[in-house]
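The values are calculated or read from the model by the stated rules, or taken from the named source; none is laboratory data. All of these numbers come straight from a predicted model, not from anything done at the bench. Positions of Cβ are generated from backbone atoms using ideal geometry, with glycine treated the same way; all protein chains shown enter the neighbour counts.
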Amino acid sequence: MNLEILSQYLVNGLMLGMIYAMVAVGFTLFFGVLDVIKFSHGDVLMIGGFAGLSAYIGAQSMGITNPWLQLLVMLIAALSVTAALGALVARFLILPLRDAPPINLLLITLMLGLVLRECVRLFYPDGSNSKPFPQLLPTNTWHLAGLAIRADSAILLMVGALTIFGVHQLINRSKLGLAIRAVAQDGETARIMGINFERIVLLTFALGSALAATAGMMNGLYYNEINFNVGLLLGVIGFCAAILGGLGNFYGAILGGFLFAALQTIGAVALPHLIPGFQGAYKDVFAFAAVIILLAWKPTGLIAERSSERV
Amino acid sequence: MNTKINLALLPALLSACMLAAPFALARDVVKIAFVGPLTGGSSAIGLGGRNSSDLAVKQHNAKADGPYEYELVSLDDECKPNVGVQIATKIAADKDIVGGVTHFCSAVAMSAIDVYHKFNLPVVVWGAVLPDITYANNFKEVHRVNGTMINQNQEAAKFMVDHGYKTFAVIHDTTDYGKGHNKYFSEALEKAGGKIVGTFGVTADQQDFTAELTQIKQLKPQVIYFGGLTPIGIRIRSQMEKLGIEAQFEGTSGIKSDAYIEGASPVLAEGSLSFIEGAPWEKLAAGPAFFAAYDQQKYAQPPEAYGPFAYVASNLLMDAIDKVGPNRRKVRDELNHTKDADTMIGPITFDDHRQNIVPLITSYVVQDGKWVPWQDSEYATGARKLKGM
């Protein structure tokens, strides 16, 4: 196996890991701040992607042809649509029901995800078919010391890393982040301290959803394709990754995301050579089985929380 | 006094007769069902088939001397076996439905034929190509007008080897359909003298193929053969480009749809190959008339690859019902005896397993954003070249 192919596997794995990590961070934020598993998160990612695609079509028809400008318009559209969607969901679905049994909330958000998916399938023109996502990033390949890396993969990886770093800085260094962490730790006390509980919850949901939109745009730009089903598996994997890393823990979500991507890549690439009869199509089986074993070993996640709650 | 009463009753009787006359002249309504993937990744083909069946029914009803008025009940199997079985049970259990024009997705057809057999509902398959649908059991209810993937893949293998390609990688989906393609293509290619350097099974709704394609890149095949349907065909073609794989992309009738070209973008789809049974419709005697009538109806979708087959299947069914009446068993027996039936796609004869013997396979190539029969394309004349040639 030469270095070029190895670097290709590495880039593939890193890209997947980045997208999973961004979805997992969203799950972790929502759970941390309100103890709610928002299962519609994967589908919010899909909505972000479609919002970006619609913005692209709009930009084209308005005569904007510079690809960087188009990207900017798409990003703004995707981020604002999903942030608004996230805040709306928090305001009208999550907050009023936060004292309900957690399983009810989980089911409601699961159903919301289904509604979002079916709405796109039915109402977006020709929604049930895959749509090509525009190729806006430069596609030249750089060769360094036997490694080959495409410019667009490199840019996406850098953007993903910067986004995660940015969110990390926001949560740990800014006043908003302080308020979010305070609400996550103890909502009642935060209120007594003068923090506007509702506003912080809405902002957290908007932030998490905007993160999903970024992941959706990255997914679209990487695969040059988007369809109404992308959110389903990504949501499940993101949730698994968040649990694996330790729900409520920011670093755990990132670790979980990259770990799951690594398991999938090993399952698709290394195992068919090591185990006779093992086909690459079983990579998800292998990855999820490994997650089950890891969770059985460490039920509260790899980076253990101080206290655990049963949902 | 009696005459007075009689005279008064006469106009009443006459008007009653006049009112009853249209009902006596009205034809009985017979329902036939159409089942196909009206939503989902193969919906373009499903809707084309549905529209073609609808056209057949409208044309048949327009004939003044037909004994029955036909009503098309169209249902969506979503290309999912569990949904397909529910739909099959629904139409088979409905006594008003005398026959069905059913299925494009082979995986769905395989599950549904058991239901049709149980309820004695005669069906004519219009698009599913898996041989097992007619050959695995001896169900007298199941007929098929399109060819099977055996012929398709023999032509697919021979075509590529004749053009000088030697090494192939096979990607197939893990449903019965994809596995069937893999089996028959591999057999046919071995006979034709080609070499398969790797075979990869993928799930029918897989999103990411970078792992499989990176392995294929290492193996350096000249051709990537894809046995599966349009949704993942699009993804594989796009991701091949992403990873810089320069192989020629060869598919089956599963990707011969406008949705493939639109989804992969005409630039990437350029030069992709597919194979489908039957002569190009544009060349057949009744072909242009079909397309003209189809355009006149102003359907929202084109007939796509299997529309003509759905049209022919509907006509066969309605002709059989016209002849023997709306009785399922009689219609089934009548269809079983189909020999040299004159239809738009040529003469249809069912063999002992009620499979139409269709000797001709047409190769298609994407040129300038459209599927063009190979013999009419610039690739055949040498003006354009396939990858690696």
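Side notes on the structure shown:
- The C-beta contact set for region B:153-178 (first residue under 16 Å from residue B:221 (Cβ atoms), second residue acidic (Asp, Glu) and assigned to a strand (DSSP E or B), distance under 7 angstrom, 6+ apart or interchain) comprises B:156/B:250; B:160/B:250.
- The residues of region B:225-248 that are farther than 18 Å from residue B:167 by Cβ and under 19 Å from the mean Cα position of the chain (by Cα), listed by number, are B:228, B:229, B:230, B:231, B:232, B:233.
- Candidate set from region A:18-58 (those that are small (Gly, Ala, Ser) and under 22 Å from residue A:136 (Cα atoms)); member that is surrounded by the fewest Cβ atoms within 10 Å (Cβ to Cβ): A:58
- The residue list B:196, B:150, B:234, B:224 contains one member that is of a type in the set (A, V, I, L, M, F, W, C), within 11 Å of chain A (Cβ to nearest Cβ) and either buried (at least 21 other Cβ atoms within 10 Å of the Cβ) or out of contact with any Asp or Glu (no Cβ under 7 Å at 6 or more places or on another chain) (or both), which is B:234.
- Residue match in region A:89-99 (condition: touching a residue at least 24 places away in the same chain (Cβ under 8 Å) and within 16 Å of the chain's Cα centre (by Cα)): no
- Test result for residue A:260, aromatic (Phe, Trp, Tyr), within 23 Å of residue B:202 (Cβ to Cβ) and surrounded by fewer than 18 Cβ atoms within 10 Å (Cβ to Cβ): no
- Residues within region A:254-284 that are aliphatic (A, V, I, L, M) and at pLDDT 90 or above, tallied: 6
- Annotation note: of B:108, B:101, B:73, B:83, the sole residue that is closer than 23 Å to residue B:253 by Cβ, outside any helix (DSSP H, G or I) and β-branched (Val, Ile, Thr) is B:101.
- Taking the criterion of being more than 12 Å from chain A (Cβ to nearest Cβ), assigned to a strand (DSSP E or B) and in contact with a Ser or Thr (Cβ under 8 Å, 6 or more places away or on another chain), the residues of region B:164-179 that qualify are B:169, B:170.
- Against the criterion of being small (Gly, Ala, Ser), within 14 Å of chain A (Cβ to nearest Cβ), closer than 30 Å to residue B:63 by Cα and under 23 Å from the mean Cα position of the chain (by Cα), residue B:300 qualifies.
- Helices (runs of 4 or more DSSP H) fully within region A:1-92 counting 2 or more residues that are within 14 Å of another protein chain (Cβ to nearest Cβ) and either over 29 Å from residue A:201 (Cβ atoms) or not β-branched (Val, Ile, Thr) (or both): A:3-34, A:41-62
- Taking first residues from region A:155-172 that are within 23 Å of residue A:136 (Cβ to Cβ) and partners that are among the hydroxyl-bearing types (Ser, Thr, Tyr), the Cβ contacts under 9 Å between residues at least 6 apart in sequence or on separate chains come to A:156/A:222; A:159/A:214; A:160/A:214; A:163/A:214.
- Matching residues, region B:146-194, being farther than 27 Å from residue B:354 by Cβ, at pLDDT below 90 and of a type in the set (A, V, I, L, M): none
- Selected residue (only one of B:247, B:211, B:259 is within 20 Å of residue B:374 (Cα to Cα) and facing another protein chain (nearest Cβ under 9 Å)): B:259
- In summary, helices (runs of 4 or more DSSP H) completely within region A:143-249 and bearing 3 or more residues that are of a type in the set (Val, Ile, Thr) and surrounded by 20 or more Cβ atoms within 10 Å (Cβ to Cβ) occur at A:151-173, A:197-223, A:230-245.
- Condition check for residue B:385: farther than 27 Å from residue B:54 by Cβ and of a type in the set (D, E, K, R): yes
- Whether a residue is β-branched (Val, Ile, Thr) and in contact with a Phe, Trp or Tyr (Cβ under 9 Å, 6 or more places away or on another chain) was assessed, and residue A:120 passes this test.
- Within region A:119-141, considering residues that are assigned to a helix (DSSP H, G or I) and without any contact (Cβ under 8 Å) to a residue 40 or more places away in the chain, the one surrounded by the most Cβ atoms within 10 Å (Cβ to Cβ): A:119
- Condition check for residue B:220: of a type in the set (Lys, Arg) and closer than 26 Å to residue B:48 by Cα: no
- In region B:217-234, the residues that are more than 16 Å from residue B:199 (Cα to Cα) and without any contact (Cβ under 8 Å) to a residue 12 or more places away in the chain form no Cβ pair under 6 Å with any partner that is part of a helix (DSSP H, G or I) and among the aromatic types (Phe, Trp, Tyr), whether six or more places apart or across chains.
- In region B:186-193 there is at least one residue matching the filter, namely being more than 24 Å from the chain's Cα centre (by Cα) and either among the hydrophobic types (A, V, I, L, M, F, W, C) or closer than 22 Å to residue B:108 by Cβ (or both).
- Scope region A:190-244; condition among the hydroxyl-bearing types (Ser, Thr, Tyr) and either in contact with a strand residue (DSSP E or B) (Cβ under 9 Å, 6 or more places away or on another chain) or away from chain B (no Cβ under 14 Å) (or both); matching residues: A:204, A:209, A:214
- Scan of region B:250-266 for residues that are touching a residue at least 40 places away in the same chain (Cβ under 8 Å) and of a type outside the set (Ser, Thr, Tyr), ordered by number: B:250, B:254, B:256, B:258, B:259, B:261, B:266
- Counted residues, region B:285-336 - those being among the charged types (D, E, K, R), within 29 Å of residue B:258 (Cα to Cα) and in contact (Cβ under 8 Å) with a residue 12 or more places away in the chain: 1
- Meets criteria (aromatic (Phe, Trp, Tyr), touching a strand residue (DSSP E or B) at 6+ places or on another chain (Cβ under 8 Å), more than 10 Å from chain A (Cβ to nearest Cβ) and buried (at least 21 other Cβ atoms within 10 Å of the Cβ)) for residue B:185: yes
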